[in-house]
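The values are calculated or read from the model by the stated rules, or taken from the named source; none is laboratory data. Computed from a predicted structure; not experimentally measured. With ideal geometry, Cβ positions are generated from the backbone for all residues, glycine too; neighbour counts draw on all protein chains shown. Ligands, DNA and RNA are excluded from the accessible area calculation, which covers all protein heavy atoms including side chains. Shrake-Rupley method; radii C 1.70, N 1.55, O 1.52, S 1.80 Å.
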Amino acid sequence: MKMKLIITRGNVGRLAAACVRDRINKFKPSAGRPFVIALPTGGTAVEMYKNLVAFYKAGELSFKNVVSFNLDEYVNFDPAHPESYHGFMRRNLFEHVDMQPQNINIPDGNAPSADAFCAAYEAKIKELGGIELFLGGVGANGHIAFNEPGSAFDSRTRVVNLQEKTLKDNARFFGGDINAVPKQAITMGVGTILEARHILIMAAGANKARAVRAAVEGKPDTMWTISALQAHKDAILLTDEEAASLISADKAYETVLS
Ligand code: GLP
């Protein structure tokens, strides 16, 4: 098990944002050598973006030479809808910072050929030298991006069907109406994610506890996609105490106070 688990008594989103800020600043990105980051959506991510915006406003961080690739987006869903991942990203990050519009990449769930779109998305990531930092969350069922249980560890960017559990979890963004949640998405694949040079996954709250346990204590298992990250050489799972509540107490993990 190579994945590093950090349990914080503070706020997962705040600590994750500080890690992102420090990584970008250390990299010293320029127009010719941009920082390529993979960005998530989700409730945990909202807090992280709030903190990134605060760092930007305080002059501690610039996104001018950052190129972003979002992990996923709903299929056949209006990108102008506030709950589309295009809408989420505009509202939580892009409207507030100095990202250059041409540096923003989000899967197009309405592309005339989804397959061609997915291949082009992968090609663009490669052309830019690959993902420097993959930032993600985890679903209660252990999904990373929208790689639902059963996703192959060598899967690539593709269209997937969302599982009942995910539709239920995401109904909270659609007034609790499960039928309003789009049933398909384009997602980066597990194989795509594993090629990132650094990975930081955020998990907050008790409903992530089983996924966190499977991630660090289980064997690699395609039914818990997050466990694929055990094969990565620089993956960090950042959790709060609730999300880490099922981890065996006798194992020594790093705890950060913040
Ligand atoms: C969605 C996203 C995932 C994300 C998950 C966690 O399902 N597709 O990439 O990890 O939400 O969301 P939350 O932080 O709201 O629990």
The chain, accessible area per residue, ligands and nucleic acids excluded (1.4 Å, Å²): 44
Portion, in percent, of the accessible area of the chain that falls on carbon or sulfur, probe 1.4 Å: 53
nm² value of the averaged projected area, convex hull over the Cα atoms of the stretch 4-256: 12.7
MRE, 222 nm, helices only [DSSP H, n ≥ 4, -39500 (n - 2.57), over the chain, to nearest 500]: -8500 deg cm²/dmol
Residue 76/residue 221 FRET efficiency (R0 25 Å; Cβ-Cβ; nearest 0.05): 0.20
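Assuming R0 = 22 Å, what is the FRET efficiency of residue 30 and residue 197, from their Cβ-Cβ distance, to the nearest 0.05?
FRET efficiency, residue 30 to residue 197: 0.80.
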Environment charge of residue 109, counting only residues whose C-beta is closer than 11 Å and scoring Lys/Arg +1, Asp/Glu -1: -4
Contact order normalised by residue count of the stretch 18-166, Cα under 8 Å, 6+ apart, percent: 26
Antiparallel DSSP beta bridges within the chain, as percent of all bridges there, nearest 5: 25
Two-site FRET efficiency, residue 58 against residue 120, from Cβ-Cβ distance with R₀ of 45 Å, rounded to 0.05: 0.80
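Counting pairs of alpha carbon atoms under 8 Å apart in space and at least six apart in sequence, what relative contact order in percent does the stretch 4-256 give?
So the answer I get is 26 percent.
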Prolate/oblate/rounded label for the stretch 113-258 (Cα gyration tensor, a/c 1.5): oblate
Length released on extending from residue 177 to residue 100, taking residue separation times 0.36 nm less the Cα-Cα span: 24.2 nm
Estimated Rh, the stretch 67-176: Kirkwood, alpha-carbon pairs, angstrom: 15.2
Loop-located trypsin sites (Lys or Arg not before Pro) in the stretch 1-44 whose Cβ has at most 16 other Cβ within 10 Å (DSSP): 2, 9
Radius 13 Å from Cβ of residue 52, net charge of other residues (Lys, Arg +1; Asp, Glu -1): 0
Dipole moment magnitude, nearest 20 debye, the stretch 7-96 about Cα centre, only Lys, Arg, Asp, Glu C-beta charged: 560
